[in-house]
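The values are calculated or read from the model by the stated rules, or taken from the named source; none is laboratory data. Bear in mind the structure is a predicted one, so any value in this text is a computation, not a measurement. A quick note on method: Cβ atoms are made from the backbone with ideal geometry, for glycine too, and the neighbour counts reach across all protein chains shown. SASA here: full protein model, heavy atoms, side chains in, ligands and nucleic acids out. Shrake-Rupley method; radii C 1.70, N 1.55, O 1.52, S 1.80 Å.
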Amino acid sequence: MNQSEAWSRRKFIGTSSAAWMTAAGAQRVLGANDKVRVAVCGVRKRGWDHVRQFAKLPNVEVAAICEVDENVLNGRLKDMEKLGLPKPKTYFDVRRLLEDKSIDAVSVATPTSWHALIGIWACQAGKDAYVEKPCSHNWWEGRQLVAAAKKYNRIVQHGTQGRSRKSGMEAMTKLHQGLIGDIYMARGLCYKRRDTIGKTPAEPTPTGVHYDLWTGPAPLRPFTKNHFHYNWHWFWDYGNGDLGNQGIHQVDMARHGMQLKFPNKITAMGGHFVFDDDQETPNTLSCAFQYDLPGGKRKMIEFEVRHWITNREAEIGTDFMYSRGQGPNTIGTIFYGANGYLAVGDEDTLNGYRSYIGKDMIPGPTHHEGGDHFANFIDVVRSRKQQDLHAPIEEGHISCTLVHLANASYRLGRTLNFDPVAEKVIGDDAANRLLRDADRGYRAPFVIPDKV
């Protein structure tokens, strides 16, 4: 009998909240020299990066890994052994992991449909959390994650690592100091070469895969290869398309540079072009976010997803601009001001920024230097100084809301008017239902609680 079968649904619903409240009250107080014990959830792709990044930090141990595919889990145990890392505890079911009081922090790199729920459960269990982007599958669960972090006084870092890159931080400072004058628009780019995913039929679940646990909050569909590793990004039940997958980094950077929060008006249009395959989400998308500011002033953010062969913009992705280069991809953010423009590369370590000043586009400041988002998280886990967190979950939630609003506009085929205070679409019940995944719903017992 596997862990999923052994775990009684009745027992989970009846005892989880009380057990985790007790755990929260008994959380371990870390001294400056105490080892931080981290558990990583989902270790096939991005989560394996988490394992390696946390393991290289001083006084940090990857003490547990949680993975629903036993084939992946066993492979990663061998990989950790090769790296000389201590053998971690292993779990298939994150609920069992969260009962482990020796774990200080949980790092979440599962499908997006799991992100907020594990983050909320971790907070309730008295554990800090590093939650990969996007932190939510819909607006409402992101708001609930923010509420849980606040209620349980947990450190929750959003996985928009560009906020820890030193060149990116410098670019933001230059913008806020007026390097290119009054910024009226930012443009995010996600031109990422994505080939067709083809079509895959329903088939028996592979041996060693705990598919019920993989599905979690989402509807339980027949197993297909396209609904599983990585390609889940392109289905509404589990992901948010490339706007939420890659684009959230650039949406977050655009908003950060312009010092904006929620927009007032959102429109998005596009489609699934070129390929005939199983993908549900658009592979080409143009978005606009309008901000109406005090005094009648208006600013905007544009965002564009392109999936195939395309041009570059502002030298983003070229070897001339970035020492690492991005292959065929053009991923970054461009800021336009009254006195020039500034282009920032993607969130990866070696990408930097360039600026061009005045009518003659004279080259201005430029910088290339990385940073360590995981180290920032661990530093704040130790210090408990929330203000030192580079990507607090509150900021992640706002940026993810832009993603959810644009996807709702695209799916409904209309412009949305948003109330930034109430965080509601004005006069559009269908849009507000999409922002809660109300029609998809949550599959018990994997349910985002109304009261965290």
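Here Asn153 fulfils each of the conditions (1) open to solvent by 10 Å² or more (accessible area, probe 1.4 Å); (2) among the polar types (S, T, N, Q); (3) in contact with a helix residue (DSSP H, G or I) (Cβ under 6 Å, 6 or more places away or on another chain) apart from (3). Scanning the stretch 201-253 for residues that are without any contact (Cβ under 8 Å) to a residue 40 or more places away in the chain and of a type in the set (A, V, I, L, M) yields one hit, Ala202. The set of residues in the stretch 421-452 being open to solvent by 60 Å² or more (accessible area, probe 1.4 Å) and farther than 30 Å from Val94 by Cα consists of Val421, Lys424, Ile426, Gly427, Asp429. The single condition among (1) touching a helix residue (DSSP H, G or I) at 6+ places or on another chain (Cβ under 7 Å); (2) assigned to a loop (DSSP other than H, G, I, E, B); (3) more than 23 Å from His233 (Cα to Cα) that Val344 does not meet is (2). Just one residue in the set Ile316, Ile378, Ile331 is β-branched (Val, Ile, Thr) and either modelled with pLDDT under 90 or in a loop (DSSP other than H, G, I, E, B) (or both); that residue is Ile316. Report whether or not Lys192 is closer than 28 Å to Leu285 by Cβ and modelled with pLDDT under 95. So Lys192 passes the test. For the stretch 162-190, which positions are touching a Phe, Trp or Tyr at 6+ places or on another chain (Cβ under 9 Å), over 18 Å from Leu402 (Cβ atoms) and crowded, with 24+ Cβ neighbours inside 10 Å? Scanning the stretch 162-190 gives Gly168, Ala171.
For the stretch 247-265, state whether one or more residues are closer than 22 Å to Leu285 by Cα and either in contact with a His (Cβ under 7 Å, 6 or more places away or on another chain) or aromatic (Phe, Trp, Tyr) (or both). Yes, the stretch 247-265 has at least one match.
Among the residues of the stretch 161-169, none qualifies, meaning not one is without any contact (Cβ under 8 Å) to a residue 40 or more places away in the chain and not acidic (Asp, Glu).
Among the residues of the stretch 111-126, those identified as over 18 Å from Lys451 (Cα atoms) and either assigned to a strand (DSSP E or B) or open to solvent by less than 10 Å² (accessible area, probe 1.4 Å) (or both) are Thr112, Ser113.
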